[in-house]
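The structure appears right after this line, and notes come after that.
The values are calculated or read from the model by the stated rules, or taken from the named source; none is laboratory data. None of these values were measured; they are calculated from a predicted model. Don't worry about glycine lacking a Cβ; one is built from the backbone with ideal geometry, like all the others, and counts go over all protein chains shown. Each accessible area value is taken on the protein alone, full model and side chains, heavy atoms only, with ligands, DNA and RNA left out. Shrake-Rupley method; radii C 1.70, N 1.55, O 1.52, S 1.80 Å.
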Amino acid sequence: IQTSYDKISKEIKAFTNMEAVVTSLSLPSGSRLGFGVMVRINGDDYILAFGPEKYDKNSFNFSKDFEQLHSLKVNDKIIIRSHSVSKAPKYSYPIISGDYIEQNGKVLFKRDFSKNDGC
């Protein structure tokens, strides 16, 4: 895990593009990270976590924050930018915070850091 963590630490610190391939549309069994997918970057596997999906009380549905991410498929190539990567003893993979995701030049997700999400 530490080696994988170290491999992307420079890109994380600089908030630069990392090319990734989606390897699974679900997180490891028992995960409590919210919505996310598994990705491979330079031969190593990572959890790409976005956090909990919020329920929109006005539309009686989940909010549209992750709507475009739900269109991802296994083997899709994406560009990731993140401000953080972490490790947790419960998981066999480093956890990348999904802050910016792009596919084929189209932004699928961009975290709004101006929102106060209560964290």
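Spin-label model, residue 102 to residue 13: label points 7 Å out along the Cα-to-beta-carbon direction sit 2.3 nm apart. Computed 3J(HN,Hα) for the range 25-41, one whole-Hz value per residue from the Karplus formula 6.51 cos²θ - 1.76 cosθ + 1.60 where θ = phi - 60°, is 8, 10, 8, x, 3, x, 5, 10, 9, x, 7, x, 9, 9, 9, 10, 10, glycine and proline marked x.
How much of the accessible area of the chain, probe 1.4 Å, is carbon plus sulfur, in whole percent? That share works out to 49 percent. FRET efficiency for the residue 29 to residue 114 pair, using the beta carbon distance and R₀ = 30 Å, is estimated at 0.30. Dividing the summed helix terms, -39500 (n - 2.57) for each DSSP H run of n ≥ 4, by the number of residues in the chain produces a 222 nm estimate of -3500 deg cm²/dmol to the nearest 500.
Distant-in-sequence amide contacts of residue 99, defined by a placed amide H-H separation under 5 Å and a gap of 5 or more residues or a different chain, comprise 81, 83. When both bridge partners sit in the chain, DSSP labels roughly 85% of those beta bridges antiparallel. The candidate values were (i) 0.95; (ii) 1.09; (iii) 1.06; the one computed from these coordinates for Rg/Rh (Cα atoms, Kirkwood Rh) carries the label (i). Each residue of the range 43-50 was assigned a 3J(HN,Hα) from its phi angle through the Karplus curve 6.51 cos²θ - 1.76 cosθ + 1.60 (θ = phi - 60°); the sequence is x, 10, 8, 9, 8, 10, 9, 10 Hz, with glycine and proline shown as x. For the chain, the solvent-accessible area of protein heavy atoms averages 63 Å² per residue (probe radius 1.4 Å; ligands and nucleic acids excluded). The amide H of residue 93, built 1.01 Å from its N in the peptide plane, has no neighbour under 5 Å, considering only residues 5 or more places off or on other chains.
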